[in-house]
1. Do we find a residue being over 30 Å from B:LEU10 (Cβ atoms) and part of a strand (DSSP E or B) anywhere in region B:141-163?
2. In region B:335-352, how many residues are under 15 Å from B:SER316 (Cα atoms) and of a type in the set (D, E, K, R)?
3. Any residue at all in region A:28-39 that is closer than 19 Å to A:TYR98 by Cβ and over 17 Å from the mean Cα position of the chain (by Cα)?
4. Evaluate the following for B:ARG274: is it over 21 Å from A:ALA109 (Cβ atoms) and either facing chain A (nearest Cβ under 7 Å) or in contact with a Pro (Cβ under 7 Å, 6 or more places away or on another chain) (or both)?
5. Return yes when B:LEU253 is assigned to a helix (DSSP H, G or I), at the interface with chain A (Cβ under 10 Å from one of its Cβ atoms), out of contact with any Leu (no Cβ under 6 Å at 6 or more places or on another chain) and loosely packed, with under 13 Cβ neighbours inside 10 Å and no when it is not.
6. Which one is surrounded by the fewest Cβ atoms within 10 Å (Cβ to Cβ) among residues in region A:82-115 that are in contact with a strand residue (DSSP E or B) (Cβ under 8 Å, 6 or more places away or on another chain) and within 13 Å of another protein chain (Cβ to nearest Cβ)?
7. List the number of the failed condition for B:GLY294; all other conditions in (1) free of Cβ contacts under 8 Å to residues at least 24 places away in the same chain; (2) more than 27 Å from A:ASP104 (Cα to Cα); (3) not in a helix (DSSP H, G or I) hold.
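The numbers here are math on the coordinates, done by the rules we state, and not lab data. Everything quoted here is computed from the prediction, not taken from an experiment. Neighbour counts run over all protein chains shown; Cβ positions are idealised from the backbone, glycine included.
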Amino acid sequence: MRILLVEDDAVLADGIRAGLTLAGLTVDAVARCADADAALADTRFDAVVLDLMLPDGSGLDVLAAMRARQDATPVLLLTALDETADRVRGLDCGADDYLGKPFDLDELAARLRALSRRSGGRAEPLLRHGGLALDPSSLAASLDDVPVPLSRREFAVLSMLMERPGVIRARSELEERLYGWQEEVESNTVEVYVHNLRAKLGRGLIETVRGVGYRLRAP
Amino acid sequence: MSSLRRRLFLILLTATGLIWLSAVAWIGLVSRSELEHVLDTRLQEAARMVHSLVMAGDGAAAAFPETEPALAGSYERQLSCQVWSFDGRLIARSSGAPASEMASDREGFADREVNGETWRVYTIVDAQKGIRVVVGDRVGLRDRLVLDLIAGLAVPAVLVLPLLGLLIWWSLGQGLRPLRRVAADIAARDGEDMRPVTPEGAPSEIRPLIGALDGLFAKVEAARRHERDITAFAAHELRTPLAGLKTQAQVALAAPDDGTRQQALKQILLSVDRTSRLVRQLLALARLDSGSPGRIEEVRIGDALREVVDAMPHRSDVAVDIDPALDDALRALDREALQLLLRNLHENAVQHAREGGRVRWSLAGDGRSLIVEDDGPGIADDEMELVRQRFYRGKGARVSAGTGLGLSISDQSAARLGAKLHLGNRADARGLRVEIRFPPGPPGHG
C-alpha cells in the first residue's frame, strides 16, 4: 500500500513515515497543500493521511479539490481540533475517517488497512487465494496453514497481486506502489521479488504475461 | 455596612424633625409677642376703667373689698389692681392683689419685682385726683400660657413622629425596590452569565451604575473569550508535537534495527526541545496577557542583548553582530519585557538566517531605534501584518521552524515597553529588518 502523508510538523511526519513503513506501507510525505495537490495529480495512492492545519491552507481544501475531480482515494484526516463540528465538517467534505492528535500509530495503520479493504470492496481482513492467506496487519503469510516467511517487499508485491486476482499488474505499476519517492528503485527488483515468491510459494502461483506484467493464476 | 435606606431614613427624619422644631419655635415667638400685646392692652384697658371709676377725692377703701386670693395655677383672676394715694396710702386693691406696692412713679408699662415674682404693671398717675392706679399681672402666668400653647402643638407632633417614621421607612423600601430587583437579578446569575443587565424599568438614577456594570461584563466576557481562544489554540499547538512524540516513541519501541531507533530517539529529543520552547512562549504570553508590569530600572541595552544571545542555543553557522554603540545605550525600562522582546526577535532572526548567514543588531535614529536584521527569506508584503498574529507561521518559512508565537510575543513586549515594532524587508539585501522604536524621552544618562 502506498500512502500520501500531508503533515507539516517534521517530527510527526517522520514518525508516521517510519511507523507506517514498519507496518509494511510505503509512505510519501509532503508538508504543504500545493505539494499534496501535485503528488496526487502525479501518483496513484491507496490512501491519503491529511493534516488539517497546513502552512499554506487547510487540508480540507485539498480534500475538496480531490473529490471535485472525482478522485475517490480514501482520505483519513488528522487534526488537533477536537470539536465535534470540525469532525462533522471534515467527514462531510468527503473524508473517510478521522483521527485526533495525539493518536496511536497502530490504530492509524489499522484504519488505513480498513480504508484500503473497504475501497477494494473486501469484507474479510485476510487476503485469500486458494490455500494462500495474507494478513496485512501482521505481514504474515501462510500456505495451507503453514507460515511462510516473506520480506516486507515480497509481501507488498504478493498482496498487490492478491487484491485483484486475475488482473494483470504492470511491472511499473508494482514498482510505483512499492517505492516512495525517496527510495531508489533498483532495476529488475520486481523480477527478483517475484522470483523469490515463486521459490517460497511454488512456481505456478504467479504468471508472467510477457510484455505486460504479472497476475495470479486461478487456484 | 452602609445602607442607603437607613441613610435616607435618618436624613428624612432629621429634616422633618428640624422643620417641626423651627415651626414650634416660630409659633412660640409669634404667639408670645401677640399675647404680650393683647395682655398689655388689657392691662391698659383695665387701669383706665378703674381710674375712671374712682371719684375725685373719694378715698373710700371700700371701693374694692378684699376677696379670697387667686387660685394658683388658673388663668382666672389674673389681673390685680391697686389704687394708691399720693401720700402712699393703699386706698383699694382687688382681691388677690399683693399688699405691697406694685406701682412705679412713672406712668405706663413696667416690669416690677413684687414678693419675689415678676409682674407686668400699668400705672396711671392722676395728679388731680391725687391717686395712682396700678393694674398688673404675673409674667409667670403669661409664660405658662405660651408654654401650654406650644405643648398643645408639640404633643400630637411627638406622638405622630413614630408613625411618620414608619411611613418614611416603608416608602423608602418601596422607592428602592428597582434597585433591589437589579441586585437580585445580578445575584441570581451564575459565573458564566455575562449578558447585559436589562435596564427595563430601571430608574434613571441607577442607569449609570447598570451601564458601568454592563461595560464591565462586556470587558470580562471579551477577556474570557480571548483566553478561551488562546487555550484552544495552545491545546491545538501542543497536540501536534505530542502526537509527534508519541509516534516517534512507538517507532523507537517497534524498531527492528538500531538505526531506526536512534533516528526516532533523536526526533524525540528535537521535539521535546521545541515543545518546551512552545510552553515557555505560551507562559510568556500568559504573563504578558495578565498585564502586571515589571519593575522599571536602568538597563544597558548592549548588556541585556548579550545576555540573551549567550543564553540561547544558537546555530553555529550563523554569525551574530552587535553594534558597539549598544553598549552606550542606557534606558529606564522594564528589564523582563526587554529581555522577552530581544530573545524572541533574536530567536526569530537566527532561525530564519540563511546557512552561514549573519544576524546584525544595531542602533539608529539618535539611539531611539534598535534594529535587528537577518539574511533569511524575509516576509511577503501581504503577510507582514499576519505574522504578528498568534500561531501564524509565514508561508515562506521553513516547515515547522517556529511556534508562530515569537513575533506576537515581541509585539506585546514592545507595547509593554511603550515601544513600537516595525517589520519590513531589508532594502539593501534579502532578509527581514525589525525596528524597535522607543518612545521619545530621556534615554537615560550615559
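1. No: region B:141-163 contains no residue that is over 30 Å from B:LEU10 (Cβ atoms) and part of a strand (DSSP E or B).
2. Total meeting the criteria: 1.
3. Here is the first cut: in region A:28-39, the ones closer than 19 Å to A:TYR98 by Cβ are A:33, A:36.
When the remaining residues are screened for being over 17 Å from the mean Cα position of the chain (by Cα), the result is A:33.
So far as region A:28-39 goes, yes, one or more of its residues are closer than 19 Å to A:TYR98 by Cβ and over 17 Å from the mean Cα position of the chain (by Cα).
4. Details: over 21 Å from A:ALA109 (Cβ atoms): yes; either facing chain A (nearest Cβ under 7 Å) or in contact with a Pro (Cβ under 7 Å, 6 or more places away or on another chain) (or both): yes.
Judged against the criteria, B:ARG274 is a match.
5. So B:LEU253 passes the test.
6. A:GLU107
7. Here B:GLY294 meets the rest and fails (1).
One line per residue, one yes/no per condition, for (1) within 14 Å of another protein chain (Cβ to nearest Cβ); (2) surrounded by 12 or more Cβ atoms within 10 Å (Cβ to Cβ); (3) under 19 Å from B:PRO241 (Cα atoms):
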{"residue": "B:ASP258", "(1), (2), (3)": "yes, no, no"}
{"residue": "B:LEU283", "(1), (2), (3)": "no, no, yes"}
{"residue": "B:ASP289", "(1), (2), (3)": "no, yes, no"}
{"residue": "B:GLY302", "(1), (2), (3)": "no, yes, no"}
{"residue": "B:MET312", "(1), (2), (3)": "no, yes, no"}
{"residue": "B:ASP327", "(1), (2), (3)": "no, yes, no"}
